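Asks: Have a look at this one.
The values are calculated or read from the model by the stated rules, or taken from the named source; none is laboratory data. Just so it is clear, the structure is predicted and the values come from calculations on it, not from any experiment. Counting neighbours? That spans all protein chains shown, and the Cβs are built from the backbone with ideal geometry, glycine included. When the accessible area is computed, the model is the full protein with side chains, heavy atoms only, and any ligands, DNA or RNA have been set aside. Shrake-Rupley method; radii C 1.70, N 1.55, O 1.52, S 1.80 Å.
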Amino acid sequence: MIIAHVFQIDPNTKKNWVPTSKHAVTVSYFYDSTRNVYRIISLDGSKAIINSTITPNMTFTKTSQKFGQWADSRANTVYGLGFSSESHLSKFAEKFAEFKEAARLAKEKSQEKMELTSTPSQESATGDLQSPLTPKSINGTDDERVTADASQNSEPRAEPNAVPFPHSSTTISKHWEAELAALKGNNAKLTAALLESTANVKQWKQQLAAYQEEAERLHKRVTELECVSGQTTGIKTQKTELNQTIEELEAALKAKEEELEQLKAEVENAHQLQSQKDAVTQKLQETETRNLELEAQLAELEQRLESNQVEQESFRKSLRSLLELLDGKIFELTELRDSLAKLIEGGGS
């Protein structure tokens, strides 16, 4: 028994999948001892959405990590199952191969018995054999079992030389009571599975709300990082302006040095310019002091620039990781939304 989403191929397009249930349902393997065949059974409430008899020529194909399908020529359709994990898909595929092989062996065994049968009494005896395997889930619907039993009980009466059916009415009644009890037990299990699926839907809704909150938080964080990136751009602009100022000051300093040289020459030529030389010297000292201050500011700005570059690279890495996380969350939300939309559309149809 396993939980999966059930689909059938669109009979018109033969390409698109049509969901047959609003939510995940229980899918089970079952041995039908009445017909000596193996079946895949799934119920959605009281409705049988899968009642597929496994034949030796059937093939279960894994089309993705969580989806598999098989064709049922008797039902003239293709069934698809969507699982919650890859391990569930592998487990279902292994059981399918196992029961397919069992169906092949049962068919060969049945053919051998038919070849060995030569008298009506032998036919009656072999018709009473049953496999020792126990049911995995439910034995189809009550109508199918009654129809199968009636068809088998009516065949001996159609032959004039057939031997009467060996079972008494009491034995048949006990058999059907046991079948009914098993059916009730399985119905209880299916009801519990339905409740569990409903709880899972509520949990998915809560997770969707949590993802939406996380997406909003990530959007806010991206906005903050964009603001920080804008501040970094402003720092670059300030650095450019400061570099221009430094170039202007260096040009002014060169001009002052040329002026100082001229003043020195004038002092050598004339002592009357001594006072002017002192003033120029004082001005030069102020300029040198200013130059030292500007050099200190430049070193500080270079350190700040390096620190800002490191912070900017860190912000970029953080921004990339957040964007990747956001893309993943948005993809998961989109995928979940599409799945919910498909379920809603399937429910509406």
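Asks: Report, by residue number, each residue of the stretch 77-98 that is open to solvent by 20 Å² or more (accessible area, probe 1.4 Å), over 14 Å from Val6 (Cβ atoms) and in contact (Cβ under 8 Å) with a residue 40 or more places away in the chain.
Replies: Lys91, Lys95 - these are the residues of the stretch 77-98 that are open to solvent by 20 Å² or more (accessible area, probe 1.4 Å), over 14 Å from Val6 (Cβ atoms) and in contact (Cβ under 8 Å) with a residue 40 or more places away in the chain.
Asks: If you don't mind, there's one more thing I want to ask. Six or more apart or on different chains, Cβ under 6 Å: which pairs go from a residue in the stretch 251-268 that's within 14 Å of Gln282 (Cα to Cα) and modelled with pLDDT under 80 to one that's part of a helix (DSSP H, G or I) and open to solvent by 90 Å² or more (accessible area, probe 1.4 Å)? Could you list them?
Replies: none
Asks: Output the residues belonging to the stretch 207-226 that are within 23 Å of the chain's Cα centre (by Cα), under 25 Å from Glu311 (Cβ atoms) and open to solvent by 70 Å² or more (accessible area, probe 1.4 Å).
Replies: If the condition is that a residue be within 23 Å of the chain's Cα centre (by Cα), under 25 Å from Glu311 (Cβ atoms) and open to solvent by 70 Å² or more (accessible area, probe 1.4 Å), then Arg217, His219 are the ones that fit.
Asks: So, in the stretch 321-349, of the ones that are charged (D, E, K, R) and within 22 Å of Gly82 (Cβ to Cβ), which residue ends up farthest from the chain's Cα centre (by Cα)?
Replies: Across the stretch 321-349, the extreme among qualifying residues is Glu345.
For (1) surrounded by 12 or more Cβ atoms within 10 Å (Cβ to Cβ); (2) part of a helix (DSSP H, G or I); (3) among the acidic types (Asp, Glu), each residue gets a yes or a no:
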| residue | (1), (2), (3) |
| --- | --- |
| Thr237 | no, yes, no |
| Thr240 | no, yes, no |
| Leu253 | yes, yes, no |
| Glu258 | no, yes, yes |
| Leu263 | yes, yes, no |
| Gln274 | no, yes, no |
